[in-house]
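Only one structure is covered here, and it is reproduced in the block below.
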Amino acid sequence: MIYFCPIYGGCFECFSNRILNYSRYFYPRHITAEVTDQTIIDKWNTVSPPPSPELKSVAVDPKTSALLILDMENSICKSPRCIGSIPNIYNLLAKARKNHMLVVYSLIPRGNPMDIFKQLAPLPNDPIVKSSVDKFYKTNLEEILQKKGIKTVIITGYAANGAVLHTATSAAFRGSNVIVPVDCMSADNLYAEQYTAWHMVNSPGTRNQAVLTKVSLIKFLPS
């Protein structure tokens, strides 16, 4: 049986067992070039950026939350955007310390704890994991969080489109609530930061678990 598709104005074949045969899709002649030839690369300069996402106030329970400081190493954090994020991360770190919240650090595969900026330096008992962009990959990060009963992670660091994006996504996949303070992430170009922010609150894998905020909008509940 042939069915008509009202979206594209074309038809496709359906067998009696309800298996659709898209190989026999009949495209209207006037849209064939659009379907077969046009890619997102061809349309790149015609795409307008979406409206900016909302930054929300959040209340954090220190008992069930953890601050993740990702790859803030002087060997890679050299751009003005990254350097400029250090005071914001420091302010958030100071609040986390004051509220006795778990703080976890990460390093790139070749990184050394001594490479972490002194303003953000880990304490002797702070966990440190080492991996590529997804800090859950081949590390004990998930175990660290589970043992502490962590339900929410605040993710900061460098790069926005690297460790922040992929670790935040991986945390969401594991059922954690994800808070991303956009003034505590950075990349070498603004588009990467913009994309990361958009992705976190629009991607099917993260949009129901993630919230964007900034340091001044984060409040800590009494512990």
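Based on what the data block shows, is G111 touching a Lys or Arg at 6+ places or on another chain (Cβ under 8 Å) and not in a strand (DSSP E or B)? Here the answer is yes, as G111 does meet what is asked.
Kindly evaluate K138 against the criterion of being basic (K, R) and closer than 22 Å to E73 by Cα. Judged against the criteria, K138 is a match.
Values quoted throughout were computed directly from the atomic coordinates according to the rules given, and no laboratory measurement underlies them. Quantities reported herein were computed from a predicted structural model and do not represent experimental measurements. All Cβ positions, even for glycine, are placed from backbone atoms using ideal geometry, and neighbour counts span all protein chains on display.
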